[in-house]
C-alpha cells in the first residue's frame, strides 16, 4: 500500500484488510457483518456509520484515525483532531452506548441534511 496516495474509505479498508491477511469473510466475522456488507464498504461506502468504522478499526487492530486519515474525502485540515480522538475513545464504550452514540450522530446528520441513507422502497 502506498503511503502518500489518497485513498477513498473502501480502498483504504481493503488495503488494510489485505495487509492483515484477512479475507472479507474473516473480517466480517470479527465485526459481526456479512461478507456482502464488507464488499459494500470496500466498493461503495464513502461514509459508513461511525459504530461500523470503530468496529472495523478494532477488528483490524488499528486506530480509527488510521482507517480514515488518508481518505480522499477527509483531508487532514478538514478533520477535527478532537473529534477523531473522541471517536477513538468511543471504542471503549459498551456496545449499547456505541449504538446510542451512533444514533445521536445520525440524528444530527439528518437534522443538517447530511444523511445519505437511501429511503426504503415500498
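Can you pull out every residue in segment 49-72 that is within 14 Å of residue 14 (Cα to Cα) and surrounded by 16 or more Cβ atoms within 10 Å (Cβ to Cβ)? 53, 56, 57, 59, 60, 67, 68, 70, 71, listed by residue number.
Hey, could you check segment 74-119 for residues that are at pLDDT below 80, in contact with a helix residue (DSSP H, G or I) (Cβ under 9 Å, 6 or more places away or on another chain) and not in a loop (DSSP other than H, G, I, E, B) and say which is surrounded by the fewest Cβ atoms within 10 Å (Cβ to Cβ)? Restricting to residues being at pLDDT below 80, in contact with a helix residue (DSSP H, G or I) (Cβ under 9 Å, 6 or more places away or on another chain) and not in a loop (DSSP other than H, G, I, E, B), the top hit is 81. Of all residues in segment 7-43, those being within 12 Å of residue 67 (Cα to Cα) and touching a residue at least 40 places away in the same chain (Cβ under 8 Å) number 7.
The values are calculated or read from the model by the stated rules, or taken from the named source; none is laboratory data. All values reported here derive from a predicted model rather than from experimental measurement. FYI the Cβ positions are ideal-geometry reconstructions off the backbone, even for glycines, and counts take in every protein chain you see.
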